[in-house]
Amino acid sequence: MSDSTDIGEINSVSLSLTAPVPLTEHPAAVYLASLGAGSRRTMEQALNAIANIITANTCDALTLDWSKLRYKHTAAVRVILMEKYAPATANKMLSALRRVLKETVRLELMDANDFARAVDIPCIKSGRELKGRCLSEGEIDALMQVCFADPTPIGYRDAALIAILRGAGLRRGEVVNLNLSDFKAGSLKILSGKGGKDRTVYLPDGAVTVVKDWLKVRGPEAGALFCHINKAGVVTLRQLSSQAVLLILEKRGKEAGVSEFSPHDFRRTFISDLLDSGVDIVTVQKLVGHATTDQTARYDRRGEETKRQAVQFLSIPKRR
C-alpha cells in the first residue's frame with residue numbers, strides 16, 4: 001500500500017481544525033505537556049509525522065483535528081509507519097497516537113466506542129535481533145584510560161562523563177541535564193527524567209572519585225555538571241547538548257580502539273551487568289527509571305552464555 005494511495009483514501013480536508021483550539025483543550029497539546037522535555041520533543045516529532053501522513057502534509061500535530069480520526073485512519077497510519085520505520089520507532093509513534101486519542105476522550109471530544117475502535121490496531125512485530133550491545137570491561141577500561149592520559153580539563157570531564165554513564169546507566173538527556181547541585185554524597189538526583197519522573201541513583205565509589213577529580217577542575221560555581229571547555233582549556237558553564245555527548249564518545253572510542261558503540265549501550269551494559277551480578281530486576285528497574293520490569297528486561301544483553309550457566313544451578317538426580 002503506497003503513501004499516496006492511503007492518503008488519497010483519507011479526506012485530509014475534513015480532518016483539519018476549522019479554528020484554533022486553546023492548548024488546554026487540544027488533545028495533542030495536553031498529551032505533550034504531560035511529558036518530560038526530552039520525550040516531548042521526540043513525541044511531538046512523531047505526532048507531526050503522523051499528522052503529515054494522514055493529511056498529505058497539510059496538517060501538523062496542532063492543526064489536525066484528532067477527534068475525527070477513526071479506525072480507517074489509524075489502520076492506514078500503521079501500514080505506512082510499518083513500511084517507513086523500524087518496528088521500535090513505529091511502535092513508539094503508534095503509542096503517541098493512542099495517547100493523544102485517549103486525551104480526546106478525556107476532553108469529551110470523542111465517543112468512547114469510536115476511541116476503542118480507533119486504537120484497536122496491533123503493535124508491529126519485529127523478527128530482528130535486539131539492537132545495541134554490551135561493552136566489555138576491557139573496552140570500558142580502554143575508554144577511561146585514554147581520558148586519564150589526557151591531562152587537559154577535557155580529559156577530566158570526559159572521564160567523569162563516561163564514569164557516570166557506566167556507573168549509573170543514565171540516558172544522554174539525563175546526563176546533560178545534571179547540575180552540580182544534583183551530585184551529593186555519591187548520589188545523583190535525576191529531575192524530570194523520561195515520563196517527567198524524578199529519581200535518585202547511586203554511583204560506585206570508583207565513579208565518585210572520577211567525578212570529584214572533574215569538579216576540582218570545573219570549580220564550585222552553580223550550573224551544569226558537564227559543560228563546555230573552550231579552545232584555551234577554560235571551563236565555561238554552558239550545558240553540553242546530547243549531540244556533544246555522542247561526539248565525545250565517538251572521539252574517545254576511536255582513540256581507545258573500541259568497536260562502534262552508542263551512548264545507550266552504556267545503559268544496556270549497566271542493566272545487564274547488574275542482572276548478571278544477581279541484583280533483582282525490580283531494583284534495576286528503579287535505578288534506570290523504567291515504568292515496568294518488562295521494559296528493563298528488553299535491555300538485557302547478557303547473551304546465551306548467561307542462560308547456559310543459569311540452568312547449571314538445577315539439580316538432576318544421578319543414576320544409581
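The values are calculated or read from the model by the stated rules, or taken from the named source; none is laboratory data. As the structure is a prediction and not an experimental result, all values here were calculated from the model. Cβ sites come from the backbone with ideal geometry, for glycine too, and all protein chains shown count toward neighbours. The accessibility values were calculated without ligands, DNA or RNA, using every heavy atom of the protein model including side chains. Shrake-Rupley method; radii C 1.70, N 1.55, O 1.52, S 1.80 Å.
For segment 149-225, the Kirkwood hydrodynamic radius from C-alpha pairs, put into Stokes-Einstein at 20 °C and a viscosity of 1.002 mPa s, yields a diffusion coefficient of 170 µm² per second. Computed over segment 39-197, the quotient of the alpha carbon radius of gyration and 2.2 N^0.38 Å is 1.42. Tell me the angle of helix 137-148 to the major Cα principal axis of the chain, expressed in degrees between 0 and 90 and rounded to the nearest ten. The answer is roughly 70 degrees. Between the helical axis of 87-106 and the longest alpha-carbon principal axis of the chain there is an angle of about 60 degrees.
Taking amide H as placed 1.01 Å from N in the peptide plane, the amide H of residue 298 sits under 5 Å from none that are at least 5 places away or on another chain. Here the accessible area of segment 175-304 is 52 percent carbon and sulfur, with a 1.4 angstrom probe and all protein chains present. When the Cα atoms of the chain are aligned to their principal axes, the ranges along those axes come out at 75, 63, 33 Å in descending order.
Beyond 17 Å, the tail of the calculated P(r) for segment 224-299 holds 59 percent of the Cα pairs. Using the Cβ-Cβ distance between residue 137 and residue 192 with R0 = 30 Å, the FRET efficiency computed as 1/(1 + (r/R0)^6) comes to roughly 0.40. Once you have a ≥ b ≥ c as the square roots of the Cα gyration tensor eigenvalues for segment 22-65, tell me rounded if a/c is under 1.5, and otherwise prolate or oblate according to whether a/b is larger than b/c. Oblate, because a/c is 1.5 or more while a/b does not exceed b/c. The simple Förster model, with R0 at 41 Å and r as the Cβ-Cβ distance, assigns residue 18 and residue 247 a FRET efficiency of 0.35.
Ligands, DNA and RNA left out, the accessible area of segment 49-95 computed with a 1.4 Å probe is 53% carbon and sulfur. For residue 135, nonlocal amide neighbours, meaning residues 5 or more places apart or on other chains whose placed amide H falls under 5 Å from its own, are 269.
Cross-link partners of residue 68 among aspartates and glutamates, defined as those whose alpha carbon lies under 12 angstrom from its own and excluding same-chain residues fewer than eight positions apart: 111, 114. Counting only Cβ charges, +1 for Lys and Arg and -1 for Asp and Glu, the dipole size of the chain around its Cα centre is about 740 debye. Shape summary: segment 158-298 maps onto an equivalent ellipsoid whose semi-axes, from the alpha-carbon gyration tensor, are 25, 18, 14 Å in decreasing order. Taking every alpha-carbon pair within segment 37-114, the share separated by more than 17 Å comes to 42 percent.
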